[in-house]
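Undergrad: There's a structure below that I have some questions on.
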Amino acid sequence: MDNLKIIAEGRGECFKVDPDGYREWVRERKSRALVPKLMSEKEAVSKFVADGDYLWFECNYLTRGPAALVRELIRQQKKDLWVGAKFSWVIATMLVAGGCATKLDVGYFLFGPTVGKYMREGKLKCFEYSNVVMTNRIMAGAMGIPFLPIRSLGGTDGFTYSAAKIIEDPYTGRPTVIVPAINPDVALIHVHQADVYGNARIFGTGISHVEAAMASRKVVLSAEQIIETEEIRRDPGRTAIPYYAVDAVVHQPFGAYPGEVQGLYSSDVAHVVEVVGAAMRGALEQYLEKWVFSMGSHEEMMDKMVGYAKIADMIRRATIKEGYSA
């Protein structure tokens with residue numbers, strides 16, 4: 001084979017593909033020391049999320065998402081972020097409305113008037129993929145390879161607005177779609193349990209939390225519970241994310257609020273209706289003022305805006321608990 005034949009190319013941009021640069025970062029700048037990494041949400045976001053970063057998150061605002069970390073990121077007014085908007089619901093839209101995101105790699109998210117306005121004004125660029133393709137891309141990043149062949153996206157309008165390519169498969173001679181890997185600057189992941197070093201457990205449904213942790217230069221975990229390392233060592237098979245991939249651990253009970261964490265608490269349905277309605281009406285600025293900028297922290301928000309009675313009801317409604325805890 002003399003040259004790899006490119007048949008077609010999407011016209012979207014992609015975050016720089018640099019697997020060797022990522023390997024060098026991990027080798028030279030990522031500590032493998034077993035040291036405590038517990039810190040506040042404010043410190044973690046300030047220290048590990050920088051303006052201009054490529055940001056990844058798992059899962060979304062309604063299901064075990066890093067909601068409190070996202071609100072803190074908006075509160076700190078991080079700028080010029082490129083966001084991997086996979087299974088996003090409202091997180092990507094909130095980051096746009098909060099003035100934080102200027103580029104989105106779109107899997108699925110709630111579009112709404114705010115995103116449309118920012119795109120028309122040239123303040124936001126969106127590049128189209130799908131949830132599964134975004135998962136393929138982060139998988140490639142975790143594998144340390146520059147791209148991955150896939151069996152979708154070709155022949156769609158999404159291909160046109162992506163950075164995917166169609167090549168001639170050197171083995172079969174048939175057209176094959178390839179998509180670029182992603183090695184994010186930072187990933188935000190909410191977990192059920194972690195120790196102070198960053199060994200983390202996730203129970204129940206997940207998408208690509210392991211791949212996100214292994215593909216990203218910096219990883220910030222928020223955890224419902226901080227458990228002893230001896231408990232981790234007694235049952236290492238439950239550890240989903242190892243400490244050496246993690247840079248910061250935030251103890252954040254109800255850190256996925258208003259979403260749910262499987263086995264611990266259900267979602268706040270009224271709040272979900274409020275935030276989705278705000279996104280659909282183009283009123284997220286008012287939502288952010290109420291739930292983010294007027295509050296100094298996640299703990300203050302839960303105390304003043306949510307309260308014990310609603311928290312107790314969310315716990316009560318989480319009726320399926322088997323298999324979701326230690």
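Read the figures in this text as sums done on the coordinates, not as results from a lab. Because the structure is predicted, anything quoted here is derived from the model rather than measured. As a convention, Cβ positions derive from the backbone with ideal geometry for all residues, glycine included, and neighbour counts pool all protein chains shown.
Undergrad: Return 138, 150, 74 ranked ascending by Cβ neighbour count within 10 Å, so the fewest neighbours appear first. Could you put the intermediate results ahead of the total?
TA: Numbers: 138 29, 150 19, 74 22.
Ascending Cβ contact count within 10 Å gives the list 150, 74, 138.
Undergrad: Less than 14 Å Cβ to Cβ from residue 301, Lys/Arg counted +1 and Asp/Glu -1: what total charge do the surrounding residues give?
TA: Around residue 301, the charge tally is -2.
Undergrad: What 222 nm value per residue comes from the helices of the chain, counting each DSSP H run with n ≥ 4 as -39,500 (n - 2.57) and dividing by all residues, nearest 500 deg cm²/dmol?
TA: That comes out to -9000 deg cm²/dmol.
Undergrad: Order these peptides, 181-194, 79-92, 279-292, by their mean beta-carbon neighbour count within 10 angstrom, highest first.
TA: Sorting 181-194, 79-92, 279-292 by mean packing, highest first, produces 181-194, 79-92, 279-292.
Undergrad: Which of 171, 243, 257 comes first, and how do the rest follow, when ranked by fewest Cβ neighbours within 10 Å?
TA: Ranking 171, 243, 257 by Cβ neighbours within 10 Å, fewest first, gives 171, 243, 257.
Undergrad: For a quick check: sort 13, 260 by the number of other beta carbons within 10 angstrom, fewest at the front.
TA: The most exposed by this proxy come first: 13, 260.
Undergrad: Please state the shape class of the stretch 171-310: rounded when a/c is under 1.5, otherwise prolate if a/b exceeds b/c and oblate if not, all from the C-alpha gyration tensor.
TA: oblate
Undergrad: Tell me the Kirkwood radius of the stretch 28-84: reciprocal of the mean inverse pair distance over distinct alpha-carbon atoms, in Å.
TA: 12.8 Å
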